[in-house]
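Just so it is clear, none of the values below were taken in a lab; they were calculated from the coordinates. What you are looking at is a predicted structure, and each value in this text was computed from that prediction instead of being measured. Neighbour counts are summed over all protein chains in view; Cβ atoms, including those assigned to glycine, are modelled from backbone coordinates with ideal geometry.
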């Protein structure tokens, strides 16, 4: 059995220990910059994937609650503005290549929290007055009057965390390859624990490799939690309900969530 892992700064606690050989994965792991629902479905393989991508797999995949990434006060999604948010109105929002989860966070906060009117949300427009940034780009500089953490804004607005990534597994593998799935979960848990024990080392490596702001990276890693708890699931559902019409999604049918440890 092979597994696809989204390899990014955000997912570093799971990926860095495997990449650097701190833990033997004992199975085939493929690293991608972005794992989409289409990839997971076409390969019928487990995947560490964005939470909003996972909602498109509910018919054939389950979410393993033991492996996730959740943030409250410091996320890896930000907006950069040309001036203070209270001086902006009627802007075109540049989404570039951000994930569906990042887009949802922006749609849930740019107007409701920052009071900025939006003319359009565009993945093709050139950067203008407001740009949504994710992962390394969102952690490259300190927060300021023109650089804002959307995960923090969402928490202030809703009192709920952001579930950014989950582990999805094809439903049939839970019974047909149960032991392999358990090995995968155990590998990712072991990687996570090694990363937590060496968190400052992990942060330093990320800062060097991607030229990031050390304070922001350390804050994100410290803030992260790793299970799909009831609060994490509530945040996931609330964010979906607030943005699903704008994103063109039907009503949420979340994947079944199972616990393996």
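Between residue 30 and residue 156, the distance separating the two model label sites (each 7 Å from Cα on the Cα→Cβ line) works out to 4.2 nm.
Report, in degrees rounded to the nearest 10, the 0 to 90 angle that the Cα long axis of helix 214-223 makes with the longest principal axis of the chain. Once rounded, one gets 60 degrees.
Note on region 77-158: antiparallel DSSP beta bridges, both residues inside, total approximately 60 percent of the bridges counted. Model label sites at residue 119 and residue 214, defined 7 Å from Cα along the beta-carbon direction, differ in position by 4.2 nm. Secondary-structure-derived ellipticity at 222 nm for the chain, considering helices only, amounts to -12000 deg cm²/dmol, per-run term -39500 (n - 2.57) for DSSP H runs with n ≥ 4. With N counted as the residues of region 1-151, its alpha-carbon radius of gyration over 2.2 N^0.38 Å works out to 1.16. Among 157, 57, a tally of other beta-carbon atoms within 10 Å of each Cβ gives an order, fewest to most, of 157, 57. I need to check one value: relative contact order of region 77-158, counting alpha carbon pairs closer than 8 Å and at least 6 residues apart, in percent. Relative contact order here is 50 percent.
Residue exposure proxy: 236, 22, ordered by other Cβ atoms within 10 angstrom of their Cβ from fewest to most, comes out as 22, 236.
Classification of region 213-261 by its C-alpha gyration tensor yields an oblate form. The axis ratio a/c (a ≥ b ≥ c) is 1.5 or more, and b/c is at least a/b.
Projected over every direction and averaged, the convex hull enclosing the alpha-carbon atoms of region 66-150 yields 5.7 nm².
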